[in-house]
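Everything on this sheet refers to the single structure shown next.
The values are calculated or read from the model by the stated rules, or taken from the named source; none is laboratory data. What you see is a predicted model; the values in this text were computed from it and never measured. With ideal geometry, Cβ positions are generated from the backbone for all residues, glycine too; neighbour counts draw on all protein chains shown.
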Amino acid sequence: EAGVTQFPSHSVIEKGQTVTLRCDPISGHDNLYWYRRVMGKEIKFLLHFVKESKQDESGMPNNRFLAERTGGTYSTLKVQPAELEDSGVYFCASSQDYGGPNFGPGTRLLVL
Amino acid sequence: EDQVTQSPEALRLQEGESSSLNCSYTVSGLRGLFWYRQDPGKGPEFLFTLYSAGEEKEKERLKATLTKKESFLHITAPKPEDSATYLCAVQDGNSGGSNYKLTFGKGTLLTVNP
């Protein structure tokens with residue numbers, strides 16, 4: 001079974017630019033989550049999709065972040081325009097039910 | 001607000017020296033407590049889920065236990081390959097919005113020297 005995949009693995013952009021992160025969950029997993037770890041802090045929840053619907057986006061920092069999940073398959077997280085404080089590691093995870101989700105390797109974002 | 005505190009922040013052991021990691025939590029309605037292992041540059045890897053006080057789960061040299069206020073991850077006779085960051089997370093069944101989301105602690109960095 002292929003795991004959760006994320007692209008790109010690393011991204012370095014300048015403040016004010018736009019970046020789009022992609023996540024491909026494990027096939028058949030209806031639940032897809034985005035989390036973020038900022039340096040020195042714990043991993044924090046951003047949002048939760050059930051199929052193509054947003055179940056909870058209470059963790060999204062502000063309206064510069066936009067997440068979509070096309071047809072209930074892959075998901076994208078767009079940051080526009082990026083700010084310095086957006087730097088961190090963005091993790092995607094997926095699960096069949098409320099059990100422990102499987103995490104991807106993360107995308108390391110650095111905003112200069 | 002749900003809170004998870006892990007201690008110690010870092011732990012250095014000699015190979016074969018058993019020890020325990022602690023995870024204290026505050027949650028309005030615990031649905032599950034999760035342990036993950038994270039290696040440098042990788043995503044968290046699922047280890048265990050515990051659902052109720054008194055429950056125990058084991059996997060190789062690791063054993064996780066749960067009380068109403070904390071969980072322990074016991075490591076018996078660790079090997080260098082057990083070196084990693086161990087993360088604890090809780091799932092609150094009473095949270096607004098998604099009660100599938102996890103609240104993480106900062107983790108314990110374990111180093112096992114040969």
Discussion item. Are there strands (runs of 3 or more DSSP E) fully within chain B with at least 1 residues that are modelled with pLDDT of 95 or more and away from every other protein chain (no Cβ under 14 Å)? List them.
Written reply: B:10-14, B:19-26, B:56-59, B:62-66, B:70-75, B:108-113
Worksheet item: Looking at A:Leu66, is it closer than 26 Å to B:Gly41 by Cβ, out of contact with any Gly (no Cβ under 8 Å at 6 or more places or on another chain), of a type outside the set (D, E, K, R) and loosely packed, with under 14 Cβ neighbours inside 10 Å?
Response: no
Fill in: Considering residues of region A:1-23 that are without any contact (Cβ under 8 Å) to a residue 60 or more places away in the chain and surrounded by 12 or more Cβ atoms within 10 Å (Cβ to Cβ) only, the residue nearest to A:Leu66 (Cα to Cα)
A:Thr20
Fill in: Segments classed as strands (runs of 3 or more DSSP E), wholly inside region A:1-54, with at least 1 members that are hydrophobic (A, V, I, L, M, F, W, C) and under 19 Å from B:Tyr36 (Cα atoms)
A:31-37, A:43-50
Item to complete: For A:Glu42, indicate whether it is within 22 Å of A:Glu85 (Cβ to Cβ), of a type in the set (Asp, Glu) and either buried (at least 18 other Cβ atoms within 10 Å of the Cβ) or within 14 Å of chain B (Cβ to nearest Cβ) (or both).
Response: yes
Item to complete: Among what's in region A:64-112 and is among the charged types (D, E, K, R) and over 13 Å from A:Arg36 (Cα atoms), pick the residue that is farthest from the other protein chains (Cβ to nearest Cβ).
Response: A:Glu83
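Per-residue answers, yes or no, for (1) within 17 Å of A:Gly104 (Cα to Cα); (2) of a type in the set (Asp, Glu):
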{"site": "A:Gly16", "(1), (2)": "no, no"}
{"site": "A:Asp24", "(1), (2)": "yes, yes"}
{"site": "A:Arg36", "(1), (2)": "yes, no"}
{"site": "A:Asp56", "(1), (2)": "no, yes"}
{"site": "A:Leu66", "(1), (2)": "no, no"}
{"site": "A:Asp86", "(1), (2)": "no, yes"}
Worksheet item: Counting only residues that are touching a Leu at 6+ places or on another chain (Cβ under 9 Å) and of a type in the set (Asp, Glu), how many does region A:22-81 have?
Response: 4
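When the residues of region A:45-63 are filtered to those that are of a type in the set (Gly, Ala, Ser) and surrounded by fewer than 18 Cβ atoms within 10 Å (Cβ to Cβ), which remaining residue is farthest from the other protein chains (Cβ to nearest Cβ)?
Let us first name the residues in region A:45-63 that are of a type in the set (Gly, Ala, Ser), namely A:53, A:58-59.
Pick out the ones that are also surrounded by fewer than 18 Cβ atoms within 10 Å (Cβ to Cβ) and you get A:53, A:58.
On the way: A:Ser53: 11, A:Ser58: 5 Å.
Ranking the qualifying residues of region A:45-63, first place goes to A:Ser53.
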